[in-house]
Amino acid sequence: MRSHSPGNLVYRVCLVTHATGTGLAAARYLHRQGAQVTLTDSDPDDLEITARQLGSRIPAIACDLSTIAGIESLIQQIDDRYGYLDLVHTSIEMTHRHDPYALDEQDFDLYVNATLKSTYFLVTRSLELLNDEASVTLAAHSCCARDPLCSLTQAAIDAFAVSLGSARHLRDRGIGISVLTCASLSLAARSRMRWQRLEAEARPPKRTSDG
């Protein structure tokens, strides 16, 4: 593992999930700041297009994050390539097209696998690769704030982050766990606004003609 100066993203190894959609803004920001970004999503074709748009030689790994096998394969490939991680940014899109009061068991399982299960196993499986002072960001985005299933999922993710963040072995290593939420705005708009603001703050002030 390597150490970095606080706040410096250059050469930091970052994993961004759902990189062709909900994680795109984060991936673009991290790449522009000089981080070594690995992209992942389920569609290999869309992932390849996104990787080309962001820049050359960006690792893009297609995998199914709703399965433990897919997550473990992803983590193993990152371990083989870098041996460590400085940031895990996972975007959880909590939306569905069904009547929340008329879901059948299969729809419920698919939803839970895509949100809670994928979040839990991605984070816990990546812990062994995290450097000291690393960060885990759970971007839990919902376009259905009045949906009880979305509310239940959000509450579970919040509780998971609090529980994990209070774990002594992580606190002693300075590993931070945070949750980003957007209940009232669409995911793409909120994520884009956040990362554009961070990028603007990191940019040096422009010099005026009088200066």
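Only one of the numbered conditions (1) closer than 25 Å to ARG12 by Cα; (2) in contact (Cβ under 8 Å) with a residue 24 or more places away in the chain is violated by THR95, and that is (1). Entry remark, the stretch 26-57: residues being among the aliphatic types (A, V, I, L, M) and at pLDDT below 90 number 1 in total.
Criterion applied to ILE92, ILE78 was being outside any strand (DSSP E or B), in contact with a helix residue (DSSP H, G or I) (Cβ under 8 Å, 6 or more places away or on another chain) and under 22 Å from ILE49 (Cα atoms), and the one residue passing it is ILE78.
Among the residues of the stretch 107-124, those identified as of a type outside the set (Phe, Trp, Tyr) and more than 14 Å from HIS18 (Cβ to Cβ) are ASP107, ASP109, LEU110, VAL112, ASN113, LEU116, LYS117, VAL123, THR124.
The residue list LEU30, LEU65, LEU15, LEU39 contains one member that is of a type outside the set (D, E, K, R), in a loop (DSSP other than H, G, I, E, B) and within 14 Å of the chain's Cα centre (by Cα), which is LEU65. Scanning the stretch 43-82 for residues that are hydroxyl-bearing (Ser, Thr, Tyr) and either within 28 Å of PRO148 (Cβ to Cβ) or open to solvent by 50 Å² or more (accessible area, probe 1.4 Å) (or both) yields SER56, SER66, THR67, SER73, TYR82. Taking the criterion of being closer than 21 Å to TYR84 by Cβ and open to solvent by 20 Å² or more (accessible area, probe 1.4 Å), the residues of the stretch 30-42 that qualify are HIS31, GLN33, GLY34, GLN36. Under the condition of being surrounded by fewer than 19 Cβ atoms within 10 Å (Cβ to Cβ), modelled with pLDDT of 95 or more and on the phi < 0 side of the Ramachandran plot, the residues counted in the stretch 83-116 number 1.
Candidates in the stretch 159-175 are the residues that are of a type in the set (A, V, I, L, M, F, W, C) and over 18 Å from the mean Cα position of the chain (by Cα); of these, the one that is most open to solvent (accessible area, probe 1.4 Å) is ALA167.
The values are calculated or read from the model by the stated rules, or taken from the named source; none is laboratory data. Since we're looking at a predicted model, the values are computed, not measured. All Cβ positions, glycine included, derive from the backbone under ideal geometry; neighbour counts span all protein chains shown. The protein model used for the area step is the full one, side chains on, heavy atoms only, and it has no ligands, DNA or RNA in it. Shrake-Rupley method; radii C 1.70, N 1.55, O 1.52, S 1.80 Å.
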